[in-house]
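Data first, discussion second: the structure below is written as structure tokens.
The values are calculated or read from the model by the stated rules, or taken from the named source; none is laboratory data. Keep in mind that this is a model prediction, so the values were computed, not measured. FYI the Cβ positions are ideal-geometry reconstructions off the backbone, even for glycines, and counts take in every protein chain you see. Only protein heavy atoms, including side chains, enter the accessible area calculation; ligands, DNA and RNA are left aside. Shrake-Rupley method; radii C 1.70, N 1.55, O 1.52, S 1.80 Å.
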Amino acid sequence: MSYFPTWKLKTSGIIAPDERLPIGQTLALGVQHVVAMFGSTVLAPLLMGFDPNLCILMSGLGTLIFFLLVGGHVPSYLGSSFAFIGVVISATGYVAGSGMNPNIPTALGGIVICGLIYAIVGLIVMSTGVRWIERLMPPVVTGAVVAVIGLNLAPTAVKSVGPTDFDAWIAILTVLCVGGVAVYTRGLIQKLLILVGLSLAYVIYAILTNGMGLGTPIYFAKISEAAWFGMPQFETPVFSLSAITLIAPVVIILVGENLGHIKAVTAMTGRNLDPYMGRAFLGDGLATMFSASCGGTGVTTYGENIGVMAATRVYSTLLFPVAACFAIILGFSPKFGAVIQTIPQPILGGTSIVVFGLIAVAGARVWVVNHVDFGDNRNLIVAAVTLILGGG
């Protein structure tokens, strides 16, 4: 069996991971995957004070690293991980939405070590199989840990709204925009609820401020002043024991996310991807180390892109190097970064309220989907202690 699939051409029906569409359709669907990851991959670095241009670039390069490590057998896009937000903010003392984080190097050191541990886990799984991971991380544990991440970010979300009543109302408006997209739309738009909701709130904010003179207007001149192409701002990691202690345990979440995503793709495609689980962990770990070594966030496989695959029934792994190349091009565009930097703080604050809440609820969803029995005192104690220790 060759390292890479042969990718046989198929033009209709379900497109399996080892099949491909014609070149034009492959390019179009690759762009769609860029759009799917865009909102979250940009929002996460903004909430941590990272350069979004650099993080988009690293997501593309990280996806290529992952693609090579799994031999093109696992369809996944790697984007900025929300699991790092709480610990990065704690390690650096950053206030979400307040510009660039001056203590990024300290966070990067912790993320590099987290990626190293993740890669080691991948090597072990490649040698021993995935069963021990499934036994070590039952749904009651992973659900509780994911919920804690979201709950810990609640104060950050509220503080990032802004100091004025106008800011507070804009944050509430943003929540309503994202919520409206989630509830009242369907298809691809609903899957892009963060991006579409944030864009709608941005337009309304511009009308209220730049058009009607309320609040602080958006400074659009920075977009025209920015160059079309240029290098993003790279950073060098600084290794601090306290930051490493805070950030390295995030590997538990990354393993759980990747495990769940690959199981989901296995169920959708009917292809057993368990033999590639260790390589997927290794690829994600190396991509995280590479990203943080250059100044980017930790990365993880993206559920948003799995949703797109489920909607289109196209699972061809060739879509993801195409998406990665488009992301790399965006990463080298300061004008693209300037557009992102014009997003007002209360809009980011309102969006973070939704996103952090969704993270907390995602933990509970893990329990529901896996039918965790809280009538069993073992499950009850594990969840209760994890929530309180994590929250405290």
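Quick rundown of the values:
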| quantity | calculated |
| --- | --- |
| Single match in 144, 171 (criterion: within 22 Å of the chain's Cα centre (by Cα), more than 16 Å from residue 362 (Cβ to Cβ), open to solvent by less than 20 Å² (accessible area, probe 1.4 Å) and at pLDDT 75 or above) | 171 |
| Where a residue in the stretch 150-173 is in contact (Cβ under 8 Å) with a residue 40 or more places away in the chain and its partner, wherever it lies, is among the acidic types (Asp, Glu), with Cβ under 8 Å and at least six apart | 161/167 |
| Within the stretch 211-251, tally of residues that are among the aliphatic types (A, V, I, L, M) and more than 30 Å from residue 110 (Cβ to Cβ) | 7 |
| Residue in the stretch 311-327 that is surrounded by fewer than 23 Cβ atoms within 10 Å (Cβ to Cβ), on the phi > 0 side of the Ramachandran plot, out of contact with any Asp or Glu (no Cβ under 8 Å at 6 or more places or on another chain) and among the basic types (Lys, Arg) present | yes |
| Of all residues making up the stretch 174-214, the number that are outside any helix (DSSP H, G or I), at pLDDT 80 or above and either within 26 Å of the chain's Cα centre (by Cα) or surrounded by 15 or more Cβ atoms within 10 Å (Cβ to Cβ) (or both) | 1 |
| Test result for residue 116, in contact with an Asp or Glu (Cβ under 9 Å, 6 or more places away or on another chain), of a type outside the set (Asp, Glu), within 30 Å of residue 273 (Cα to Cα) and open to solvent by 10 Å² or more (accessible area, probe 1.4 Å) | no |
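Here's the yes/no breakdown for (1) buried (at least 18 other Cβ atoms within 10 Å of the Cβ); (2) modelled with pLDDT of 90 or more:
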residue	(1), (2)
216	no, no
219	no, no
227	no, no
230	no, no
234	no, no
239	no, yes
244	yes, yes
253	yes, no
258	yes, no
